[in-house]
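The values are calculated or read from the model by the stated rules, or taken from the named source; none is laboratory data. Since the model is a prediction, treat every value here as computed from it, not as a measurement. Cβ placement follows ideal geometry from the backbone for every residue including glycine, while neighbour counts extend to all protein chains displayed. Just so you know, the surface numbers come from the protein's heavy atoms only, side chains and all, with ligands and any DNA or RNA stripped out. Shrake-Rupley method; radii C 1.70, N 1.55, O 1.52, S 1.80 Å.
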Amino acid sequence: MIENFFESSDYSRNLFKINDKNIEEIEKESLEDNVPIVTKEVLNFMIFTARGKKPLNILEIGTATGYSGIFLGKIATENGGSFTTIEINPERHAKAVENFKKAGIFEKSRLILGDALEEIPKLGKNIEKDQKNMMDFIFIDASKGQYIKFFENCYKLLNEEGIIFIDNIMFRGLVTEKDENIPKKYKTIVKRLREFIEKLNNEYDFVLLPFGDGVGLVRK
Ligand SMILES: C[S@@+](CC[C@H](N)C(=O)[O-])C[C@H]1O[C@@H](n2cnc3c(N)ncnc32)[C@H](O)[C@@H]1O
């Protein structure tokens, strides 16, 4: 019942009047190919949050097939800013390029193929040259075990009052589970995410929203 309610709100699409067939195809194809993409409810909330910031420059860690990136790219370009996204998997990167072309925003976006841990510092070098390249909104949505590293690197690129939006921070609710209920294969990831959340709580302007798979918001 509640899920249907979220489906019907469809904020993201109504807002941008994005060619529905196009975005629906990307969503359907990604799910069929087992490419993990952001859920609609988290996407809606992210777009709402990002748009409120009127961000010029937006960065995404974890492009996958470009589903969330198409919306973030639209937000950046409606403000006359830039959108950059990083993906480590060459096949997904190629698919994202194709999807961005279909959505008509490829020319205005920067889709980087590479490991974010190597690529983010390069973006930092651009910022050293020109502060205008600072990021106003960053979406972290890549491998959970690396979240602390992604975050620390990204925070350096963030403008004052900028926002970092982190998806899946509660990892299927496992971070709040009792240790004995956590499958062995997830123990390390859960341990790292717990340490990450503790660090964010203690050292940053951070709020944890326990919906979807857990959303974390940090403001600089
Ligand atoms: C959850 S998916 C991203 C979904 C996408 N943001 C969306 O909602 O449409 C995570 C992606 O991060 C990529 N990834 C994992 N580690 C990475 C790294 N170190 N650098 C760049 N991309 C990475 C994975 O290959 C995967 O495609």
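Whole-Hz Karplus ³J(HN,Hα) for the stretch 166-179, in order, using 6.51 cos²θ - 1.76 cosθ + 1.60 and θ = phi - 60°, x for Gly and Pro?
For the stretch 166-179, the Karplus-derived couplings read 10, 9, 6, 6, 9, 6, 6, x, 5, 5, 9, 6, 5, 3 Hz, x marking Gly and Pro.
Rounded to the nearest 500, what is the chain's calculated 222 nm mean residue ellipticity when only DSSP H runs of at least 4 contribute -39500 (n - 2.57) each, over all residues?
After summing the helix terms and dividing by residue count, I get -15000 deg cm²/dmol.
Per residue, how much accessible area does the chain show when a 1.4 Å probe rolls over the protein heavy atoms, in square angstrom?
52 Å²
Cut-off 10 angstrom, C-alpha nodes, Gaussian network model of the chain. Which of Lys102, Lys54, Lys184 fluctuates the most?
Maximum fluctuation in the GNM of the chain, among the listed residues, is at Lys184.
Is there a pair in Lys101/Lys220; Lys149/Lys191; Lys40/Lys95; Lys40/Lys220; Lys144/Lys220 whose C-alpha atoms are over 23 Å apart, and which pairs would that be?
Lys101/Lys220; Lys40/Lys220
Mind putting a number on the dipole of the stretch 2-219 about its Cα centre? Charges go on the C-beta only, +1 for Lys and Arg and -1 for Asp and Glu, and I need it in Debye to the nearest 20.
340 debye
Taking the Cβ of Lys199 as the centre, find all other residues whose Cβ is under 14 Å away and add up their charges (Lys, Arg: +1; Asp, Glu: -1).
Neighbourhood net charge equals -1.
Round to a whole number: what % of the accessible area of the stretch 2-219 belongs to carbon and sulfur, probe 1.4 Å?
After summing per-atom areas, the C and S share lands at 50 percent.
Ranking request for peptides 82-89, 212-219: highest mean number of other beta-carbon atoms within 10 Å first, then the rest in descending order.
Order by mean packing, descending: 82-89, 212-219.
Less than 12 Å Cβ to Cβ from Asp213, Lys/Arg counted +1 and Asp/Glu -1: what total charge do the surrounding residues give?
-1
Which distance in Å, rounded to a whole number, links the C-alpha centroids of the stretch 176-220 and the stretch 79-108?
After rounding, the separation between the Cα centres reads 29 Å.
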